[in-house]
Each structure stands twice: as C-alpha cells, then as structure tokens.
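The values are calculated or read from the model by the stated rules, or taken from the named source; none is laboratory data. Fair warning: this is a prediction, and the values are worked out from it, not measured in the lab. Using ideal geometry, Cβ is built from the backbone for each residue, glycine included, and neighbour counts are taken over all protein chains shown.
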Amino acid sequence: MAHRIHHLNCATLCPQGARLINGKGGLFAKSILSCHCLLIESNEGLILIDTGFSVEDMQSTGRMGLLIAKAMNPVMDVEQTALYQIEKLGFSRNDVKHIVLTHLDPDHAGGIVDFPHAKIHVHEKEYSAGTEPCTLVEKYRYRSQMWQHNPDWQLHRVTGERWFGFDSVHVLNNRLQDLLLVPLHGHSRGHCGVAVATTEGWVLHCGDAYFHQSEMDLDKPRCTPGLSLTQMIDESSRADRLHNQQQLRSLKRDNPDITLFCSHDHGEFETCSACPPIYLKHV
Ligand SMILES: [Zn+2]
C-alpha cells in the first residue's frame, strides 16, 4: 500500500507589519506565517513532523503565554490544529505513533499534548535547551507547560551518518530508512531539519533554519527586515545559523531535485499543497 505524505498548516501566525515581514502588503496590515507540518502514513503508524499548537492552545493563550500570543498573534482556530485535521482525514489521535520535532518552540511543539500515544523525537541538545534553559532567550522562548504531561521522549544524537554532506541520524533506526533528523543548529540550540525520501525525491523540512523563501535564492539571497530581526532575536548562534543557510543553498544548487521548505513561509506551503500527492519512497 502506498503511504501518502500530507502537507498540513497547523497554525497561522499574523504579527503586525505585512510589508516588513512578508515583503508585501500594508505597513500596518497583518502578515501571514504558516506552521508547515508533515503527516506521513507509514507501516509504523502515522508520523507527524512538527505539530503547531494544541486544541487547548486554540481556546486560550494560557499555555503559550501572553508574550508569545501578542508577538505571534496566532489565529485562534481549532480547525487548524493537527488533531482536527488528522481526524478530518479519517484517523484518530491514537494512530499517531511518532512525532518528530524540528525544535521545541511553542508553535512547533505545542500540539504534542494532543497525541498521548506518540513517541516524541527530538535532538538531545534541544531537549536540554527546553528542559534546562541556560540563556535569557531559552528562558523566555520555551513553555514547560507544553510537556507537563510527561511525554514519551526519544532523544537523538548524531553518530557519523551523513546525508548530502550534512550530519544526520535515522529517526526510527532501521525500521524506516526514509526519515532522517538533520541537525541545523543555530535557530535554537538543538534545532534540526527533517529529511523524508519520497516517490518524487527527497524532501527537507528545514523548520526555522530560514524563514522566507528568498533566503534560499541562489543568485541574491535576502530576507525581509521583519523576519531578519525575528531570526536574530531568537537565534542561539548567528554563525551556525548563517553557515547552515549557506549549506542549504549549496544543497539546493547541487541537487535541484531535493524539495526544501521552511515552517513559516506561507507561499512555500501553498506551493507544496498545490503539488500532486507524494508518497514514502519505500513501503
Ligand atoms: Zn517557528
């Protein structure tokens, strides 16, 4: 049976200043940023890559906190949650057996509480940053309420595997060769991309390694001022973040058949969603 991969937008963030953030629209208009997630059907059950916010988060800003709610201005719409969309596809929350997180920021990890039977895969450095925050940025960005339910964590570290010149680690060991965690540290201490082998070639979910598709422009990489500032405020290491962006552009230049996208560029999400369905390469 072919195993379909779905592109889901599991939250929409609308900070003020569309022109400064999206690069178009009014100066004071609301911008649109998606939370691009993947849902993978597999022999290992459903696998979710990033979650967006939880159902509870869409009913009250209590868990995400007022500061984050004000800065991100999320659309409070329960129908955008991963759980709602997964049930609409005919599955149940218990079908989700694995969640792979690019990092632990609330807009990426808030939804893990909706899937109590899932193993939560994350890089060990990101787990440390989230559970034992060291810097001021780490103390304000993570919300320990989001893992108060004591999830079933599975921590990963790289052990020498390589993927197109990047470090990598198989998320499900030998059970599923098509799914790799690709460390892209810099946005946060243990931030990673997630690579998936599909019938249409490799897909790399770059998480927050970049924010705007123009940053991956091979001739003239650039970013809007609003998203440049956002990335600088959040970064754990500017040198690593910029180095990774350079490496991602090289990957794109040398391998035009690899599809790259990030979490928050809504245009990239729309492009991916409009493409014909894709499936896991191996069954
Ligand atoms: Zn993000």
*asked:* For the list (1) in contact with a helix residue (DSSP H, G or I) (Cβ under 8 Å, 6 or more places away or on another chain); (2) crowded, with 19+ Cβ neighbours inside 10 Å, I need the number of the one condition that A18 fails.
replied: (1)
*Answer with yes or no whether V182 is buried (at least 19 other Cβ atoms within 10 Å of the Cβ) and in contact (Cβ under 8 Å) with a residue 40 or more places away in the chain.*
no
*Taking the range 199-239, which residues are crowded, with 18+ Cβ neighbours inside 10 Å and either more than 18 Å from the chain's Cα centre (by Cα) or farther than 25 Å from V137 by Cβ (or both)?*
W202, V203, L204, C223, T224, G226
*Within the range 192-240, which residues are more than 15 Å from I258 (Cα to Cα), in contact (Cβ under 8 Å) with a residue 24 or more places away in the chain and among the aliphatic types (A, V, I, L, M)?*
A209, L227, I233, A239
*Count - residues of the range 234-283 that are within 16 Å of the ligand (Cβ to nearest atom), closer than 25 Å to L8 by Cβ and among the charged types (D, E, K, R)*: 3
_Tally up the residues in the range 21-35 that are out of contact with any strand residue (DSSP E or B) (no Cβ under 6 Å at 6 or more places or on another chain) and buried (at least 19 other Cβ atoms within 10 Å of the Cβ), please._
4
_Residues (of a type in the set (A, V, I, L, M), within 15 Å of the ligand (Cβ to nearest atom) and at pLDDT 95 or above) located in the range 113-141_ = V122, A129
